[in-house]
Amino acid sequence: MKAMRRAMRLDDATKREMILKGRPDKPDSCWIWKGTEPTNQQFSIWYGHRSVRLNRLVYMLHFGPIPDDHVVARSCGATRCYNWAHIRLMKRE
């Protein structure tokens with residue numbers, strides 16, 4: 001099963017399409033990323049030949065660049081959530 005999952009890695013265009021499309025059937029729910037990417041505390045995925053935190057990628061695709069003096073956070077706290085309604089900018093302390 002693990003070997004099969006590794007073979008089904010998503011390309012960047014597919015990841016981008018999934019993030020931009022979202023889950024219109026569940027606008028208020030957490031949309032849990034089901035990709036086969038490795039997990040860590042801040043859940044990162046491979047995008048554009050580098051590892052990117054999912055919440056940062058969602059913000060950049062939907063809202064644009066992240067100001068240097070801000071960080072991206074989720075209101076829901078779910079590290080695999082990609083619902084852009086749960087993503088917010090916070091001033092870096």
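Points to keep in mind about this one:
- Tyr47 long-range amide H proximity, modeled H, under 5 Å: Val52
- Residue-wise HN-Hα coupling along the range 55-67, computed from phi with Karplus coefficients 6.51, -1.76, 1.60 (Hz; x: Gly, Pro): 5, 5, 5, 4, 4, 4, 5, 8, 10, x, x, 9, x
Taken together, the values in this text are just the output of simple stated rules run on the coordinates, not laboratory data. Predicted model, so just to flag it, every value in this text is computed and none were measured.
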